[in-house]
Structures are given as C-alpha cells and as structure tokens.
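Below is one structure, written out as structure tokens; the observations come after it.
The values are calculated or read from the model by the stated rules, or taken from the named source; none is laboratory data. These figures come from a predicted structure and were not determined experimentally. Cβ: placed from backbone, ideal geometry, glycine included. Neighbour counts: every protein chain shown. Note: accessible area is taken over every heavy atom of the protein model, side chains too, but ligands, DNA and RNA are not part of it. Shrake-Rupley method; radii C 1.70, N 1.55, O 1.52, S 1.80 Å.
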Amino acid sequence: LPSLSLPSSMHLIQVDSVQRWMEDLKLMTDCECMCILQSKPISLEKDEQNELILSSQYSTCDNLQVLLKRAWIISTELTRIAQKLEKNRWQRVHSMTVRVNCHVHSMINEYNTITRSSSEEMNQLEKLLIDKCSEFTAFTERCLQTEDEEILKSMKSCVNKTLTTVAQYFGQLIELVLTQEAQNLLRQIELSGSLCIMESAISSLFSLAQEGAHLCRIIAKEGGVVALFRICRQDCFRCLYPQTLRTLASICCVEEGMHQLEKVDGILCLADILTDTSHSEATHAEAAAVIAQITSPHLTFTQHLSSFLENMEEIVTALVKLCQEASSGEVFLLASAALANITFFDTMACEILLQLNAMKILLAACSDKHIVDTPYSRDQVVTILANMSVLDQCASEIIQENGVQLLMEMLFEKSSSGNPAEAAACERVQQKSAVTLARLSRDPEVADAAVKLSCIPRLIKLCRSPTERNNSDSVLVACLAALRRLAVMSPDRLEDSDFQQLVKPRLVDSFLLCTNMEESFV
C-alpha cells in the first residue's frame, strides 16, 4: 500500500525524540476518550478558551501545521496497518484501525472548526472517508471473532481493498484541503487592497511552499506565480517585493512554477527589478535568489527558458554589481549562486563575466571575511572560476589578481563544525579548485605559479590521505588530474614513488590505488 507522503514529516523527524513526543502527545489521544468527546457538542460560548477550539489560538498557518501533523500521523498509521496485516497480526490491525478512525474524525472536526466554508466536494469526500473508516473498523472487528484460517484468508483481501480505498479517499481529501487553503490565500492577495492582509497572506503562502514540492505544484496550479508577479509589477507594493520574491523562489523549484513564470514573462520582470537602482538591496538579493533557483543545474526543466538568453547580459551585469556592493555574506551568497548557476546554463555568460572584470571582483570579495564567510560562498566563487577557466583569456586574469594563491588556499578547505552539509560544501570547494588548477595549468605561467606555491605537495597529500579529502572520490579524481597536468610542466618536483603511483599509470589505476589506502579494520 503506497503511503501518503506528507512534507511535514520532514520537520517532525528533525527534532529530538522527547520534543517529538511532546508535539505528538496531544494528537495521540486515547481512542475511547476521543470517541466520547466526538459524541458531545462543544459550545463555542462556554468553551472559548478550550484548547480544542484551534481557531482561537492559532493563525491560519498554525492551523495548517496542526492539520498536516495530524495527516502525517494518519498516513504513518495506514502504512503500519498494511505491515501488520501482512503478518496477520489481527489484534494490532484492529486497534490501529480504531485509532485511525478517531484521528480521521478529529482531523475533519478540527478543519471544520477552523474553516468557515466547506464545498460540496469537500463534504462528499469527508462522508466517503468517514463511512469507509467505519466499514474498515467493522471488517477488522469481525476478523477478530474468527480463528478459521480459510475465512481469515478470504477476509484479508477485503480488508486490504478497504485499506487501499481509505488511503485513496484520505489522499484526495488532503489534496482538496491544501488546494482550498492555497485558493483562499491567493484570493486574499488578489482581492485585498490592504497591505497588512496581503503581507500576511504572502507569509502564509511562503510557509505553505516550504512544506515541499507537492505544495508548490498546488500553488503554481492555482495561479500563485501569476498573482505574485502581478505584485512585483506594481510600484505601490514595493515594500512587499522582498517577501513576494522569496515566495516565488520557493514555488519555482517545480516545473509547474517554471512554466507559469515563463507564461507571465517573469524573466523580464526580474531583469527590470535587478537593474532598477532605486530598489533596496534586500529586493535585489531576493530577485537574485529567484534567478539562482530557476537556473539551478540540478533542475531538468530549464530548457524552455528561452527568454532568459534575451535578458542574460542585463541580469549578469546586475548580479556582478550586487556581488561587488554586497553589504553582507547572505547577499553575496545569493548573487554569486545565481552567477554560478548561469555559468552552467550558458557558456556565453563566462565571456560576459570576463568583460565585466568579474574575476577581480570575486577574488577581492574572497579576501573580505565578512562577505565571503562560509564554505558555501567559496563554493559559488570557485564554481564560477572553474567554469570561466575554459576560456584562454582567463589565465592572465588569474595571474594578475593573485588567483592561484586563492585556489591553493581552497585546497585546504575543511569543515570546522562537522555539519554534513558544510562538509559536503568543503568537498566541492576542494574538488572545483583542483579542477580549476588543472584547466588553467595548460598556461605555463599559471603552472609555474602553482608549483612555486607548493600546490604539488598539497595535491599529493589529498590523493594519498583520505581524511584530508573527507574520503571524497570526486576530490581524488580532480586532484589526480591537476597533479598530472602540473607534472607535465614540472616533472622534477615529484618524488619517483609519487610519479610511479600517481602520474605514470592510467588515471583509473591511480584512483584505485589511492582509494585502497584507507585503513581496514576488518
């Protein structure tokens, strides 16, 4: 049985177990108590402060979070029922079915408490789900009352079919709820003339988009991208631009969002914002974030961004200026990430960067620890350098701006926190700096500078010591390639054993030799 995948589970599993238990405790209420509560009316007048009346305690966004958590619990329970059913553990199947029944009732009651209107389609789905849950509970109860294996075997297929139907109705209901929430927020954005209401709705829409790709698809399908770009084209809403652009960056991680962006000529709008010097740095930075998102090399659906090429020179020029004038590390990171992605998106971007003297600006920024202050920023810079290094003119720029020194320093990049994401960024910095050295060292002047800065001993160390490269194979391959390039220029700088093991054999043989240098405790 395919379980309903809800993005909120990601938030739940990122906290420690005690905190998780505390959050879920109020939802994991004793089933008998829940059944009794559901049979009693709750007076709004007498119980205004009651915790069960969510609308008096939470914002729309909080209500949605509670709903998503409840939905995640139901989804998890349905998956567990399927597992217990497979093992014929009928007692557990029945108790879990009763619990799911209670959770479904609670979820529907909670949603009807916080929403003022309910569509006919919603009412029908709610009734279908409740009826099917009741049928499911009755089925499993009957299974407990017989011990005949043949009868149980025949009933098991009916239970399985009912479980699948419950999961199907449940998924449809959640989809409809989320669609209605998106529609309500977009209606507020489009119809309200109040900045306060619009700001609140955009904030809620952003929170909704953070729940994952599926939610972003729903928002895009309901016209979210169109509505947000409409805001970005009206001067009277300038104060909302940063928040609106941040939300757009989230939604445009999915193909539906990208198609909508193309339809409303969003690239031109972003180019206008980036090139308009009257906008705040925050607005420019968020526009850069949208550019970084839609040009990400990890996306497979950027081919249709034909209008991007038409505006690329303007956008690249504005992003280089933003890098140069960035007042913080975060602004520089967003602008440089957009530039890095664009260099993958189209090779012409590298030529534009060279004409704009971008290498000098980026290398100068790297010397300012307040601006380039994390491995993530250095990753963006070295990505741009690596992609620009395919151009022959790049070598003289690197020499002139003392770029080889920076590349050498990047070979020593190491995570200070032990955080997995930071460690991965450090690996990318090491790998790309080695790639850049390998490409640029076809120029004798660059190769000579690299040798003088003792790049060869560092590359050998990275090849021979797995811990120096965080056991990364990609760093190893890049370092072997750079070492071989420098060895051609300065063969006398290598020990004979290094030459015989790291340079002379085929690259794959040297790679296998180095990967086997790890200590084995088996």
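Every residue in segment 437-451 that is part of a helix (DSSP H, G or I) and open to solvent by less than 50 Å² (accessible area, probe 1.4 Å), please.
437, 438, 440, 446, 447, 449, 450, 451
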- prompt: What about residue 146, is it at pLDDT below 90, among the polar types (S, T, N, Q) and outside any helix (DSSP H, G or I)?
  reply: yes
task: Inspect segment 481-498 for any residue being open to solvent by 70 Å² or more (accessible area, probe 1.4 Å), in the same structural domain as residue 409 (by the TED database), free of Cβ contacts under 8 Å to residues at least 40 places away in the same chain and not in a helix (DSSP H, G or I) and give the result as yes or no.
output: yes
query: So is residue 370 more than 22 Å from residue 406 (Cα to Cα) and open to solvent by 20 Å² or more (accessible area, probe 1.4 Å) or not?
result: no
task: Give the residues of segment 234-263 that are open to solvent by 30 Å² or more (accessible area, probe 1.4 Å), more than 21 Å from residue 197 (Cβ to Cβ) and outside any loop (DSSP other than H, G, I, E, B), sorted by residue number.
output: 255, 256, 259, 260, 262, 263
statement: Among residues of segment 172-212 being hydroxyl-bearing (Ser, Thr, Tyr) and over 20 Å from the mean Cα position of the chain (by Cα), the residue modelled with the lowest pLDDT is 192
